[in-house]
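Some notes on the structure that comes next.
The values are calculated or read from the model by the stated rules, or taken from the named source; none is laboratory data. Bear in mind that the values here come from a model prediction, so they are computed numbers and not experimental data. As a convention, Cβ positions derive from the backbone with ideal geometry for all residues, glycine included, and neighbour counts pool all protein chains shown. Ligands, DNA and RNA are excluded from the accessible area calculation, which covers all protein heavy atoms including side chains. Shrake-Rupley method; radii C 1.70, N 1.55, O 1.52, S 1.80 Å.
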Amino acid sequence: MNIITWNVNGIRAALGKDALDWAFARNPAALCLQEVKARPEQLDEEQAAQLKLPYIWNPAERAGYSGVATFFKDKPDEAKLGLDAPEFDVEGRVVQTRWGNLRLFNIYFPNGQRGHDRVDYKLRFYARLLELCTTLHSMGELVVITGDFNTSHMPIDLKNPKANEKTSGFMPEEREWVQKYLDNGFADAYRRLYPERVQYTWWTYRLNARARGIGWRLDYFLVSEALMPRIRDVIIHDEVLGSDHCPVELVLD
């Protein structure tokens, strides 16, 4: 079973580049896209025909902003939009799907912004999600959280950590929230498998950053500790183009 996550930075732009052909060719059990920036009815006939799997789509109320979509091979037993929290759910940031006792969260976490004006909102989002996951763990569910976390956890996860300590995405209070997940029943599957490997999943479009290897690891699979024995690999497909993020793939039994 494989799950792919990818912030496509606009699904219509990605479809225009045929970028999603790569993802559908991997035959994923689930494909989680973030920052789709459109509603399904905004796709033209040719674009819609490129979507090779059924989907659950959660657009933001604000046009052209945010939005996530989860594509699936087998119909989930349950599907739900959002976190039951109106302040977050208007922005179309979450799709939950459940197969048996395995729940998948496809999430586009808020960005704290350059002026830090959304950092508090972002931290409240982290807190609300962890509250939900703690309840799900107590009910015996196994949880996979994936998507664009908009935070690099450790210095190994970005090219220039020292220079970015006051930049949203690597501020101490943001990093502490990622750590809280790891202290409360979750594992960062990629880092658990590859503790010393340096790879990134996002590069600014400015200054030729991707070609120069100046990036951040912002896209994660956090999985319930009980799931780790079933994890076979986490692959950062940094060779795949089509967005300022690259896709990441989780392989599990």
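Scan region 138-157 for residues that are among the hydrophobic types (A, V, I, L, M, F, W, C), surrounded by fewer than 23 Cβ atoms within 10 Å (Cβ to Cβ) and under 17 Å from G215 (Cα atoms) and jot them down.
Correct list: M154, I156.
Conditions: (1) surrounded by 13 or more Cβ atoms within 10 Å (Cβ to Cβ); (2) β-branched (V, I, T); (3) over 30 Å from T135 (Cβ atoms); (4) in contact (Cβ under 8 Å) with a residue 40 or more places away in the chain. V223 meets all but one. Number of the miss?
(3)
Go through L129, L123, L193 for me and flag whichever is open to solvent by less than 40 Å² (accessible area, probe 1.4 Å) and either acidic (D, E) or more than 14 Å from the chain's Cα centre (by Cα) (or both).
The match here is L123.
Table: residues versus (1) over 18 Å from K75 (Cα atoms); (2) in contact with a Pro (Cβ under 8 Å, 6 or more places away or on another chain); (3) of a type in the set (D, E).
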site	(1), (2), (3)
I3	no, yes, no
A13	yes, no, no
D18	yes, no, yes
A23	yes, yes, no
L33	no, no, no
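Every residue in region 81-120 that is without any contact (Cβ under 8 Å) to a residue 40 or more places away in the chain, surrounded by 16 or more Cβ atoms within 10 Å (Cβ to Cβ), farther than 22 Å from R175 by Cα and not charged (D, E, K, R), please.
Passing the criteria: L81, G82, G92, Q96, W99.
Among the numbered criteria (1) in contact with a Leu (Cβ under 7 Å, 6 or more places away or on another chain); (2) assigned to a loop (DSSP other than H, G, I, E, B); (3) closer than 23 Å to D238 by Cα, which single criterion is violated by N184?
For N184, the failing item is (3).
Can you name every residue in region 32-52 that is open to solvent by less than 60 Å² (accessible area, probe 1.4 Å) and part of a helix (DSSP H, G or I)?
Those that are open to solvent by less than 60 Å² (accessible area, probe 1.4 Å) and part of a helix (DSSP H, G or I): P40, Q47, A48.
What about G100, is it of a type in the set (G, A, S), more than 25 Å from Q179 (Cα to Cα) and either at pLDDT below 95 or in contact with a Phe, Trp or Tyr (Cβ under 7 Å, 6 or more places away or on another chain) (or both)?
no
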